[in-house]
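**Student:** First the structure, which I've put down as structure tokens, then a few questions once you've had a look.
The values are calculated or read from the model by the stated rules, or taken from the named source; none is laboratory data. A quick note: this is a predicted structure, and the numbers were derived from the prediction, not measured. In this analysis, Cβ positions are derived from the backbone assuming ideal geometry, glycine residues included, and neighbour counts consider all displayed protein chains.
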Amino acid sequence: MEEKQFNLHDIVEMKKQHPCGTNAWKIIRMGADIRIKCEGCGHSVMIPRREFAKKMKKVLQHAAEQ
């Protein structure tokens, strides 16, 4: 399985949709845990890096492109 590349401030799509109706999340903190912020309602969640890698579908927009 290929390793998905993601960096700080990238916009990513998760496998499950957020209850507010959007599927886009911005990575706002990286370390052993990753904090992501919902682009729809602004709610933020911190999850372990390994779990994040499993639940992430793809990078929608890289930070360098913004």
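**Student:** Any residue in segment 9-16 that is loosely packed, with under 12 Cβ neighbours inside 10 Å and at pLDDT below 90?
**Tutor:** Looking through segment 9-16, at least one residue is loosely packed, with under 12 Cβ neighbours inside 10 Å and at pLDDT below 90.
**Student:** I'm trying to understand the selection: among the residues of segment 25-60, which are under 11 Å from residue 8 (Cα atoms) and surrounded by 12 or more Cβ atoms within 10 Å (Cβ to Cβ)?
**Tutor:** Hits for segment 25-60 are 26, 27, 28, 29, 30, 34, 35, 36.
**Student:** Would you list the strands (runs of 3 or more DSSP E) that sit entirely within the chain and hold 3 or more residues that are free of Cβ contacts under 8 Å to residues at least 40 places away in the same chain and of a type outside the set (S, T, N, Q)?
**Tutor:** 24-29, 33-38, 44-48
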